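Here is the structure we will look at.
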Amino acid sequence: MERKQKISIIVFVIGLVALVAGIVFLVLRLSQQVALQDGEYLVSVGSFQREDEPGVIWDFTEIGKGKLTTNNHLNDYDFIWALEDGKIKIETAWLYDLNDEYEYRLSSGNLILIRDDSSEVKFSPRSSVDTEVSEDN
């Protein structure tokens with residue numbers, strides 16, 4: 001019986017290790033899906049305008065790419081972006097390359113960036129009505 005007990009314990013431990021590994025992979029997979037969903041949301045909305053500086057507009061044109069302006073589209077700059085571990089990483093082709101990283105959250109449809117000093121910058125979705133020019137003009 002001692003041999004059967006040892007084999008049973010070994011099989012139980014192997015099963016326990018497999019269960020823990022499965023849970024770890026499940027958690028990792030679920031956290032990746034959240035980032036993808038957030039990215040899909042940013043692209044589906046497309047354009048976000050900074051609330052305290054309306055001339056600052058970020059256009060998320062596709063997953064990982066976009067354009068931004070700080071002067072209401074007098075000058076547009078390309079940027080690439082990625083969401084990772086609750087942070088948005090942005091590399092902008094400005095006069096020189098800028099590499100920024102912010103913690104972010106989506107709240108009531110708004111994109112909120114959290115700076116290193118814990119202050120927040122709020123971007124609201126721009127409706128297509130804001131961006132379209134009337135044909136009558």
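The values are calculated or read from the model by the stated rules, or taken from the named source; none is laboratory data. A quick note: this is a predicted structure, and the numbers were derived from the prediction, not measured. All Cβ positions, even for glycine, are placed from backbone atoms using ideal geometry, and neighbour counts span all protein chains on display. When the accessible area is computed, the model is the full protein with side chains, heavy atoms only, and any ligands, DNA or RNA have been set aside. Shrake-Rupley method; radii C 1.70, N 1.55, O 1.52, S 1.80 Å.
In the chain, the DSSP-assigned H stretches of four residues or longer account for a calculated mean residue ellipticity at 222 nm of -12500 deg cm²/dmol, using -39500 (n - 2.57) per stretch and the full residue count as denominator.
The angle between the Cα long axis of helix 2-45 and the longest principal axis of the Cα atoms of the chain comes to about 10 degrees, rounded to the nearest 10.
Solvent-accessible area per residue in the chain equals 72 Å², computed with a 1.4 angstrom probe and all protein chains kept. The figure for Arg126 is an accessible area of roughly 40 square angstrom, using a 1.4 Å probe on the protein chains alone.
Between the amide H of Thr61 and those of Gly66, Lys67, distances stay under 5 Å, these residues lying 5 or more places away or on another chain, with hydrogens modeled in the peptide plane. Label positions at Ile63 and Lys89, each projected 7 Å from the Cα along the C-beta direction, are separated by 1.7 nm. P(r) for the chain, from all Cα pairs and a bin width of 10 Å, is 10, 32, 24, 11, 8, 7, 5, 2, 0, 0 %, short bins first.
Coupling constants for region 64-80 follow from the phi torsions by the Karplus curve (6.51 cos²θ - 1.76 cosθ + 1.60, θ = phi - 60°), and in residue order they are x, 9, x, 9, 9, 9, 10, 9, 6, 6, 5, 10, 10, 10, 6, 9, 10 Hz; glycine and proline get x.
Modelled spin labels at Val27 and Arg115, positioned 7 Å past Cα toward Cβ, are 3.4 nm from each other. In this Cβ point-charge picture (+1 for Lys and Arg, -1 for Asp and Glu), region 1-82 has a dipole of about 980 debye about its Cα centre. Of the accessible area of the chain, computed with a 1.4 Å probe over protein heavy atoms only, carbon and sulfur atoms account for 55 percent. If you count Lys pairs in the chain whose Cα atoms are under 29 Å apart, skipping same-chain pairs closer than 8 places in sequence, the total is 8.
Which of Thr61, Ile23, Ser124 sits farthest toward the positive end of the charge dipole of the chain, with +1 on the Cβ of Lys and Arg and -1 on the Cβ of Asp and Glu? Checking the options against the dipole of the chain, the answer is Ile23.
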